[in-house]
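Okay, structure first, notes after.
The values are calculated or read from the model by the stated rules, or taken from the named source; none is laboratory data. These figures come from a predicted structure and were not determined experimentally. Every residue, glycine among them, receives a Cβ derived from its backbone with ideal geometry; neighbour counts consider all protein chains shown.
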Amino acid sequence: MNITDAKAIITGGASGLGAATAQGLLNAGAQVTIFDLNNHGMSFGAEMNAVFATVDVTDESSVQQGITQAVEAMGGLNVVINCAGIATSEKTLGREGPHSHSSFTRTIDINLNGTFNVARLAAPQMADGGVIINTASIAAFDGQKGQAAYAASKAGIAGLSLPMARDLARNGIRVMAIAPGIFRTPMLEGLGQEVMDGLAADVTYPQRLGDPAEFAALTRFIVECDYLNGTTIRLDGALRMP
């Protein structure tokens, strides 16, 4: 697919990796609709010359309304990039007792169910084919202490790639996932330089945090490379979490 033909929905597109992806695709000539619950999402969308829709990815009617708005605004839909998600940290058995069931299910609901919800509802609108890109994490493979819920949600996303690609092959829709390592996002910057330097020290090469623009560049490559399908690409500088 030529990137200038892309008509993309990006969930979580008002911040972090999603915002970088939105900016990258728009700069390359694609049309973009941002789905987010972020309060500044509308102003960000206006600045980027993108369509904005307030969408809760876990809610079917909210997603349906957002997709309808996107299709009408862009004249179609052929790319979906799922970046919406939350990061949680809680041990299976901590000092205050067992892992909260509600926090586990909330993480799964937003990260995994939300991703699948958007993908399944967008697919019928992709009449001429296209590509769905989901965001996993290296935690899907190298989950650390306190990441039971997060790692499980991201492993589920990685596991979606092949069966969903097989399901949607007859519709001409490819499905890919990206498993990013540690990226320099506003959330991470809030932890301070010392913490970021410590995290970067574990990266094999290049020994630094990932740049969100690099994530955006990979999404563009996936959109443009029609033979990429049904797999998860690690984007992590060879980092293997201890």
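Is it the case that some residue within the range 84-105 is of a type outside the set (Ser, Thr, Tyr) and surrounded by 21 or more Cβ atoms within 10 Å (Cβ to Cβ)?
yes
Taking the options PHE215, PHE141, name whichever one is touching a helix residue (DSSP H, G or I) at 6+ places or on another chain (Cβ under 9 Å), closer than 30 Å to ARG95 by Cα and of a type in the set (Phe, Trp, Tyr).
Unique residue meeting the criteria: PHE141.
Yes/no per residue for (1) in contact with a Pro (Cβ under 9 Å, 6 or more places away or on another chain); (2) polar (S, T, N, Q); (3) crowded, with 23+ Cβ neighbours inside 10 Å; (4) within 22 Å of LEU218 (Cα to Cα):
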| position | (1), (2), (3), (4) |
| --- | --- |
| MET1 | no, no, no, yes |
| THR21 | yes, yes, yes, yes |
| ASN27 | no, yes, no, yes |
| ASN38 | no, yes, no, no |
| THR54 | no, yes, no, no |
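Within the range 140-150, is even one residue polar (S, T, N, Q) and within 15 Å of the chain's Cα centre (by Cα)?
The answer is no; no qualifying residue exists.
So GLY237 fits all but one of (1) on the phi > 0 side of the Ramachandran plot; (2) touching a helix residue (DSSP H, G or I) at 6+ places or on another chain (Cβ under 6 Å); (3) buried (at least 18 other Cβ atoms within 10 Å of the Cβ); what number is the exception?
Going through (1) on the phi > 0 side of the Ramachandran plot; (2) touching a helix residue (DSSP H, G or I) at 6+ places or on another chain (Cβ under 6 Å); (3) buried (at least 18 other Cβ atoms within 10 Å of the Cβ) one by one, GLY237 breaks only (2).
Since PRO163 meets every condition but one in (1) touching a helix residue (DSSP H, G or I) at 6+ places or on another chain (Cβ under 7 Å); (2) more than 28 Å from GLU90 (Cβ to Cβ), which condition does it not meet?
So the condition that PRO163 fails would be (1).
Tell me whether the range 143-151 contains one or more residues that are modelled with pLDDT of 95 or more and assigned to a loop (DSSP other than H, G, I, E, B).
no
Which residue is surrounded by the fewest Cβ atoms within 10 Å (Cβ to Cβ), if the candidates are limited to the range 143-157 and must be touching a residue at least 40 places away in the same chain (Cβ under 8 Å) and more than 22 Å from THR219 (Cβ to Cβ)?
Out of the qualifying residues, it is LYS145.
At pLDDT 95 or above, under 19 Å from THR21 (Cα atoms) and more than 17 Å from the chain's Cα centre (by Cα): which single residue out of ALA46, ALA70 fits that description?
ALA70
Name, by its number, the condition in (1) modelled with pLDDT of 95 or more; (2) in contact with a strand residue (DSSP E or B) (Cβ under 7 Å, 6 or more places away or on another chain); (3) more than 26 Å from GLY45 (Cβ to Cβ); (4) among the hydroxyl-bearing types (Ser, Thr, Tyr) that does not hold for SER89.
(1)
Listed residues PHE221, PHE215; which is of a type in the set (Phe, Trp, Tyr) and either in contact (Cβ under 8 Å) with a residue 24 or more places away in the chain or farther than 30 Å from ASP5 by Cβ (or both)?
So the residue among PHE221, PHE215 that is of a type in the set (Phe, Trp, Tyr) and either in contact (Cβ under 8 Å) with a residue 24 or more places away in the chain or farther than 30 Å from ASP5 by Cβ (or both) is PHE215.
Quick one: count up the residues across the range 199-227 that are part of a loop (DSSP other than H, G, I, E, B) and more than 17 Å from the chain's Cα centre (by Cα).
The number of residues fulfilling the criteria is 12.
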